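K.L.:
Take a look at this one; I'll ask things after.
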2 protein chains.
Amino acid sequence: MKISQLSAASGVSQPTIKLYLREGLLPPGAKTHANQATYSEAHVRRLGIIRTLTQVGGLSVASAKTVLDAIDSELPLNWTFGLAQRAASPDVDGTDLSDADLARADDFLAGLTYHDGPGRFGVAKALRAMADAGLEADGAWRESYRKAAEIIGEADIDLIDRREGRLAKAETVVIGTVLGDALLAALRRAAQEHFSSQRYLSRSTETAP
Amino acid sequence: MKISQLSAASGVSQPTIKLYLREGLLPPGAKTHANQATYSEAHVRRLGIIRTLTQVGGLSVASAKTVLDAIDSELPLNWTFGLAQRAASPDVDGTDLSDADLARADDFLAGLTYHDGPGRFGVAKALRAMADAGLEADGAWRESYRKAAEIIGEADIDLIDRREGRLAKAETVVIGTVLGDALLAALRRAAQEHFSSQRYLSRSTETAP
DNA sequence: CGATTATAGATAGTTATAGTATCCGTTATG
DNA sequence: CATAACGGATACTATAACTATCTATAATCG
């Protein structure tokens, strides 16, 4: 398969494929001459994953490279998990978080074990932003969110558990982390629409201007 | 309050404030002369919301303007809801979705009422991306996700219900939509970490390279 | 066989976004 | 009254993700 066929098969433009080759997201084709190479089905599949991560998951090309490298590597699964979480999260450092911010997050997370990382810091940042915006969420709302997160987190781990082999598990971790966020956000919108229309007896998302 | 004080009070640089004024995200100050104006606490608060939407919610300046306009307008609440959902979601059009894609989403959403929009289309896109990536999620996982989404969606509507007045409700819709996504993603990470470490008896997010 | 087309790889250009810097004439302030 | 700050316009910078062009070589087809 030459690059033109790879482009046709994947739906990714030729210059963009060259970009991914340059950046190391896509492994080079098998060289047949100094300036000829052939690509395989694996390249088509890889391009699909790259597009999924960047288009659906919203990852930057650099972030996508990080998690793809993690899949390919022989890193332990928990490292892959951490890398995927970090790549799929915005700035993850906790340097601008006060003790009060962290305490609020830890209170929310009570009952869960956690460590420093995207989870704890992300919760702290989101809660601080809510407080700053004057949206003090009440206990019932918080309890619902924590309950939902527990259901999902356990389901995610179960799904990974059921995969056979490190590569399949690693791919599930990466794809699941990135796409799970997108799916969850979309499901949330649908559920909001459902309960909103159920309660107000009017369509919640009429065509907006 | 002059612009220098507004900058100090909000932590947003003076040129950036001018940018937001130019783009119409921030209303102009009260003019005292042709080239003098004073700003109020409302401007500080507004800047906080702008930064929340752009920094935490990842919205573009243009998208942030859209939802801020929706808060200010007298649009019905369900329109505001739709606008916030659209602004916080990537491309929401369903033009590239096949009937099979939509059928898969509708199957997932069984039991919920929904319409065309970010929810249905987003679910369809995420599920298609998962299928493309070879991640076929089993029924247990799907059931968990739907259950979690129902819990959250209902909690969101409850929270909005408890607010008094259209403005407060509208602000809750917008902030809640944008920050809820971020909070939920972070909670998911924390929960994954919890169940992962519980199950494997090892830390799930050791410091990654 | 030879003309045309395609290829790999390098380099340069494009577009969009978000923010920054510099002017300007005017106004506040010490 | 002198200096600093102001509002507003314009121009600049940085980054990211592509896209286009170029060159020499290789494949392809009549």
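The values are calculated or read from the model by the stated rules, or taken from the named source; none is laboratory data. All of these numbers come straight from a predicted model, not from anything done at the bench. Cβ atoms come from the backbone with ideal geometry, glycine included; neighbour counts cover every protein chain shown. Side chains are part of the model used for accessible areas, which takes the heavy atoms of the whole protein and leaves out ligands, DNA and RNA. Shrake-Rupley method; radii C 1.70, N 1.55, O 1.52, S 1.80 Å.
K.L.:
Mind checking which residues of the stretch A:1-11 are under 25 Å from the mean Cα position of the chain (by Cα) and surrounded by fewer than 13 Cβ atoms within 10 Å (Cβ to Cβ)?
P.N.:
A:Gly11
K.L.:
Ok, one more. Can you find a residue that is of a type in the set (D, E, K, R) and surrounded by 24 or more Cβ atoms within 10 Å (Cβ to Cβ) anywhere in the stretch A:156-170?
P.N.:
Yes: the stretch A:156-170 contains one or more residues that are of a type in the set (D, E, K, R) and surrounded by 24 or more Cβ atoms within 10 Å (Cβ to Cβ).
K.L.:
Those residues that are within 21 Å of the chain's Cα centre (by Cα) and either more than 20 Å from B:Val178 (Cβ to Cβ) or open to solvent by less than 10 Å² (accessible area, probe 1.4 Å) (or both), I need them from the stretch A:130-155; list them, please.
P.N.:
A:Tyr145, A:Lys147, A:Ala148, A:Ala149, A:Glu150, A:Ile151, A:Ile152, A:Gly153, A:Glu154, A:Ala155
K.L.:
Of a type in the set (Asp, Glu) and more than 10 Å from DNA strand D (Cβ to nearest atom): is that true of A:Glu41 in this structure?
P.N.:
yes
K.L.:
Looking only at the stretch A:12-38, filter to residues that are more than 9 Å from DNA strand D (Cβ to nearest atom) and more than 25 Å from A:Ala87 (Cβ to Cβ); which one of those is most open to solvent (accessible area, probe 1.4 Å)?
P.N.:
Within the stretch A:12-38, the match that is most open to solvent (accessible area, probe 1.4 Å) is A:Lys31.
K.L.:
Of the numbered conditions (1) in a helix (DSSP H, G or I); (2) modelled with pLDDT of 90 or more; (3) more than 7 Å from chain B (Cβ to nearest Cβ), A:Arg163 satisfies every one except a single condition; which is it?
P.N.:
Among (1) in a helix (DSSP H, G or I); (2) modelled with pLDDT of 90 or more; (3) more than 7 Å from chain B (Cβ to nearest Cβ), A:Arg163 violates only (1).
K.L.:
What are the residue pairs meeting all of these: first residue in the stretch A:81-95, first residue touching a residue at least 12 places away in the same chain (Cβ under 8 Å) and within 19 Å of B:Asp181 (Cα to Cα), second residue part of a loop (DSSP other than H, G, I, E, B) and aliphatic (A, V, I, L, M), Cβ atoms under 7 Å, and 6 or more apart or on different chains?
P.N.:
Correct list of pairs: A:Arg86/A:Val92; A:Arg86/B:Ala208; A:Ala87/A:Leu59; A:Ala88/A:Leu59.
K.L.:
Would you check which residues across the stretch B:8-34 are in a helix (DSSP H, G or I), under 15 Å from B:Gly48 (Cβ atoms) and more than 10 Å from DNA strand C (Cβ to nearest atom) and list them?
P.N.:
B:Ala8, B:Ala9, B:Ser10 - these are the residues of the stretch B:8-34 that are in a helix (DSSP H, G or I), under 15 Å from B:Gly48 (Cβ atoms) and more than 10 Å from DNA strand C (Cβ to nearest atom).
K.L.:
Residues to consider are B:Ala70, B:Ala87; find the one that is within 20 Å of B:Ala185 (Cβ to Cβ) and among the small types (Gly, Ala, Ser).
P.N.:
B:Ala87
K.L.:
Any residue at all in the stretch B:64-73 that is hydroxyl-bearing (Ser, Thr, Tyr), surrounded by fewer than 23 Cβ atoms within 10 Å (Cβ to Cβ) and either at pLDDT 90 or above or touching a His at 6+ places or on another chain (Cβ under 6 Å) (or both)?
P.N.:
yes
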